[in-house]
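One structure is given below, encoded as structure tokens.
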Amino acid sequence: MQIRTITCHDVYNHGASLQAYALQTYLESIGHTVEIIDYKPDYLSRHYQLWSIDNPIYDKPIIKQLYLVAKLPVRLLALKRKRLFDIFTKRYLKLTTKRYHSSEELKRNPPQADVYIAGSDQIWNTLFPNGRDAAFYLDFAPKASKRISYAASFATEDVVGEYKPFVRRMLQNFDVISIRERYSLPLLKSLGRDDGVAVCDPVFLLSREQWESFLPSKDDISHRYLLVYDTEGSVELSEIARRIAKEMGLKIYNVSAFRRSYADEDFWASSPLDFVCLVRDASYVVSNSFHATAFSLIFERNFCVVNRCEGINERMRSILLSYGLEDRLVTGFSASLLSQIDFEKVRLLLRNDIAGSKEFLERVLSIR
């Protein structure tokens, strides 16, 4: 069966790249031909632009030139990280030949497929432009095709009020709907779809052994380390990480997109594969990231998750509640964080969720 998926696959974020790869790989493993629609509207194409003005306050004569000159050295250095992601995309993601730059362009000439799948990740987060983009609700897919969402995420407790009519209307495009967080099922129902189901993120569709076979062999690690993945420069996260590292005698490694001054070693310019390797080999993981949490579960690494300021903590809360680990979502240090997680219990719950998610995909794809 010809399947085309659409997601935020090329936004220079480790989790976004890895979930796109995982869904593609799993669908291929059960016999389908898969391509990711290379959809890059303007709002998803602004990463690593050397001459962009991030804050309109600086977009004034003379001030603008001074701002760009000041930013240029850091931006040139950051291109190293961009190149690593571009290599991963070229090597591992099977994209459509044509790149689409707008929802209108995609609707005029969509890639042909038997089935279109939207998801996973925060594609329906209305705090961001993608959550307000008809393309991520398969508005472009021919009516005769099958239209499915897999593990799509709203990421928040509610949809931004002014966009509710739009989202409600767009959700009617789908033949079958699945979302990533169980807590979003009532929200989905309030938006007119009471037939949705919750499934696991695509990264869980590949086993630990499959991820291991995809990664370089373990290097000889001369010392144990705590891995930090901080998406917003959190003061709370840095304090918790430093306290845990001190109590456990660990060095601190940073894999965030920006350098962290308290880290002993910085891996800010890291590829998606580097990210997975660093989680795999860590003694402890401290993050405010959904996918750092997911890979900590896959590789059974001791971890904690720090609340984010952005108000999108429900994603992490949902996954932790699913596996009885809600005490790992924290706002400060406590001695209990030093205790080892009982992964035997987690393993059983996760195995059941994965089996149910695979059964869902195989069932809906078999229906003509």
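The values are calculated or read from the model by the stated rules, or taken from the named source; none is laboratory data. Fair warning: this is a prediction, and the values are worked out from it, not measured in the lab. Note that each Cβ is placed from the backbone with ideal geometry, even for glycine, and that neighbours are counted across all protein chains shown.
Screening Tyr183 with (1) free of Cβ contacts under 8 Å to residues at least 40 places away in the same chain; (2) surrounded by fewer than 19 Cβ atoms within 10 Å (Cβ to Cβ); (3) in a helix (DSSP H, G or I) gives one miss only, at (1). Condition first: of a type in the set (Asp, Glu) and either farther than 21 Å from Tyr116 by Cβ or in contact with an Asp or Glu (Cβ under 8 Å, 6 or more places away or on another chain) (or both). Now tell me which residues in the stretch 173-200 satisfy that. Glu181, Asp194, listed by residue number. Each residue in the stretch 220-252 was checked for being closer than 12 Å to Ser287 by Cα and in contact with a Leu (Cβ under 8 Å, 6 or more places away or on another chain), and 6 pass. With respect to the conditions (1) at pLDDT below 95; (2) under 30 Å from Trp211 (Cα atoms); (3) not in a loop (DSSP other than H, G, I, E, B), Tyr12 lacks only one, and its number is (3). Every condition in (1) at pLDDT 95 or above; (2) exposed (fewer than 13 other Cβ atoms within 10 Å of the Cβ) holds for Ile298 except the one numbered (2).
Taken over the stretch 242-266, the criterion of being under 22 Å from the mean Cα position of the chain (by Cα), hydrophobic (A, V, I, L, M, F, W, C) and surrounded by 19 or more Cβ atoms within 10 Å (Cβ to Cβ) is satisfied by Val255 alone. Counting only residues that are surrounded by fewer than 16 Cβ atoms within 10 Å (Cβ to Cβ) and either within 21 Å of the chain's Cα centre (by Cα) or at pLDDT below 90 (or both), the stretch 318-354 holds 4 of them. Scanning the stretch 73-101 for residues that are at pLDDT below 95, closer than 17 Å to Ser45 by Cβ and more than 18 Å from the chain's Cα centre (by Cα) yields a total of 4. Of Arg328, Arg363, Arg317, Arg259, all but one fail to be of a type in the set (Lys, Arg) and closer than 21 Å to Phe85 by Cα; the exception is Arg259. Counting only residues that are assigned to a helix (DSSP H, G or I), surrounded by 15 or more Cβ atoms within 10 Å (Cβ to Cβ) and of a type outside the set (A, V, I, L, M, F, W, C), the stretch 87-101 holds 2 of them. Which one is surrounded by the fewest Cβ atoms within 10 Å (Cβ to Cβ), of the residues in the stretch 137-157 that are within 19 Å of the chain's Cα centre (by Cα) and more than 16 Å from Leu365 (Cα to Cα)? Across the stretch 137-157, the extreme among qualifying residues is Glu157.
So which residues in the stretch 302-356 are among the acidic types (Asp, Glu) and assigned to a helix (DSSP H, G or I), if there are any at all?
Taking the stretch 302-356 and keeping what is among the acidic types (Asp, Glu), we get 310, 314, 326-327, 342, 344, 353.
Selection gives Glu314, Glu326, Asp327, Glu344, Asp353.
Could you check Ile53 against (1) assigned to a loop (DSSP other than H, G, I, E, B); (2) assigned by TED's automatic domain parsing to the domain that holds Leu93; (3) modelled with pLDDT under 95 and say which number it fails? All conditions are met except number (2).
Residues of the stretch 1-44 that are of a type in the set (A, V, I, L, M, F, W, C) and under 25 Å from Glu232 (Cα atoms): Cys8, Val11, Ala16, Leu18, Ala20, Leu44.
Answer yes or no as to whether Ser296 is part of a loop (DSSP other than H, G, I, E, B) and within 30 Å of Arg83 (Cβ to Cβ).
So Ser296 fails the test.
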